[in-house]
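One structure below.
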């Protein structure tokens, strides 16, 4: 049922991503995951992740290394109350297959890992999620130092759940799709994304503000 719900939402996400990528695009840095960083730049970000079950807020660092490699690390926390807390660590790496020669388009395989520890009433559960996907993005320069960075990605994710209240480790594979856009103003950028995962019934949203160096 969850997979069917997610697949029904896929055409809308695909249309959104396709419409964004029809913008006239300028020279691309590694923008496949929505980052406006040029090669050799990094940014510090504040992030909000909104889901039906929990909302978490955190910080991250995104780097676009000289060459085709990009990376992100981040940590976020959701404090339910004094005794309940969810903490999530994430890491991502991406590799631009076109090496900056895509005529404004960047295409990247993206992988990484998330680790989420959820503690409620003294009992903890641990979720490890390993996504593997393909992402496409580009940069549209609109003048006066302002640019738009649309991106879309899709793939599969392996999930492993364990904890105090679980007898054996539970594993499953899910399908995900994400589309979004970034507004870059000089050294500051704003990003919004919407995504689906077949392991969940509802879409998730991500909002970010970043400062580039």
### Query
Taking the range 186-201 on its own, how many of its residues are exposed (fewer than 15 other Cβ atoms within 10 Å of the Cβ) and at pLDDT below 95?
3
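Answer with yes or no whether residue 6 is over 21 Å from residue 184 (Cβ atoms), at pLDDT below 95 and either surrounded by 18 or more Cβ atoms within 10 Å (Cβ to Cβ) or within 14 Å of the chain's Cα centre (by Cα) (or both).
Taking the combined requirement at face value, the residue satisfies it.
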### Task
Return the total of residues in the range 105-142 being farther than 28 Å from residue 174 by Cα and either at pLDDT 85 or above or crowded, with 17+ Cβ neighbours inside 10 Å (or both).
4
### Task
Could you pull out the residue among 132, 127 that is farther than 17 Å from residue 84 by Cα and assigned to a strand (DSSP E or B)?
132
### Query
Can you name the condition, by its number, that residue 153 falls short on among (1) under 24 Å from residue 85 (Cα atoms); (2) modelled with pLDDT of 95 or more?
(1)
#### Entry: Subset of the range 135-146 [touching a residue at least 12 places away in the same chain (Cβ under 8 Å) and either within 20 Å of residue 111 (Cβ to Cβ) or not in a strand (DSSP E or B) (or both)]
135, 136, 137, 139, 145
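Let's see how each residue does on (1) within 12 Å of the chain's Cα centre (by Cα); (2) touching a residue at least 12 places away in the same chain (Cβ under 8 Å); (3) in a strand (DSSP E or B); (4) over 30 Å from residue 36 (Cβ atoms):
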residue: 148; (1), (2), (3), (4): no, yes, yes, no
residue: 153; (1), (2), (3), (4): yes, yes, yes, no
residue: 166; (1), (2), (3), (4): no, yes, no, yes
residue: 172; (1), (2), (3), (4): no, yes, yes, yes
residue: 177; (1), (2), (3), (4): yes, yes, yes, no
residue: 180; (1), (2), (3), (4): yes, yes, yes, no
residue: 195; (1), (2), (3), (4): yes, yes, yes, no
residue: 200; (1), (2), (3), (4): no, yes, no, no
residue: 205; (1), (2), (3), (4): yes, yes, yes, no
#### Entry: Count of the range 60-87 residues which are modelled with pLDDT under 90 and assigned to a strand (DSSP E or B)
4
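The values are calculated or read from the model by the stated rules, or taken from the named source; none is laboratory data. Remember, it's a predicted structure, so these values are computed and weren't measured experimentally. All Cβ positions, glycine included, derive from the backbone under ideal geometry; neighbour counts span all protein chains shown.
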